[in-house]
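Take a look at the structure below.
The values are calculated or read from the model by the stated rules, or taken from the named source; none is laboratory data. For clarity, every value in this text was computed on a predicted model and none was experimentally measured. We place every Cβ from the backbone using ideal geometry, glycine too, and count neighbours over all the protein chains shown.
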Amino acid sequence: MAQFRPRVAIVGGGIGGLFAANALTAQGIPTSVYEQAPAIGEVGAGVFLTPNSVRHLQRIGLEPMVEKWGLGSAASPVTSATTARRSRLCR
């Protein structure tokens, strides 16, 4: 009996689609991403990554890109809504 190997089609090349494609590819699952825009580029105001998000990006090998393109927590400290204390998130 032949083993079933899934192939995944992802519609949308935004952050969610590209992250999903990267994670699936890292697991050896063939993936195709379909995007209607003619090129992938910066769109919008930016993305805020929580510590949990950064840990997941590190786990799949994207830490060098986060370090290269991100501003880091020193550039934008976060103030807690409940305690009014400022904190640094990533390190």
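Kindly establish whether Arg7 is modelled with pLDDT of 90 or more and not hydrophobic (A, V, I, L, M, F, W, C). Yes: the conditions hold for Arg7. For residues that are of a type outside the set (A, V, I, L, M) and touching a Leu at 6+ places or on another chain (Cβ under 8 Å), scanning just the range 31-60, find the one that is surrounded by the most Cβ atoms within 10 Å (Cβ to Cβ). Looking at residues that are of a type outside the set (A, V, I, L, M) and touching a Leu at 6+ places or on another chain (Cβ under 8 Å), I get Thr31. Consider the range 16-53 and keep the residues that are of a type in the set (A, V, I, L, M, F, W, C) and modelled with pLDDT under 80. The one that is farthest from Arg5 (Cα to Cα) is Ala45. For Arg88, the conditions (1) more than 19 Å from Gly14 (Cβ to Cβ); (2) at pLDDT 60 or above are fulfilled apart from (2). Taking the range 12-49 as the range and being in contact with an Asp or Glu (Cβ under 9 Å, 6 or more places away or on another chain), under 22 Å from Gly70 (Cβ atoms) and in a loop (DSSP other than H, G, I, E, B) as the test, the residues that pass are Gly13, Gly14. Counting just the residues of the range 54-70 that are part of a helix (DSSP H, G or I) and of a type in the set (A, V, I, L, M, F, W, C), which one comes out farthest from Phe4 (Cα to Cα)? Selected residue: Trp69.
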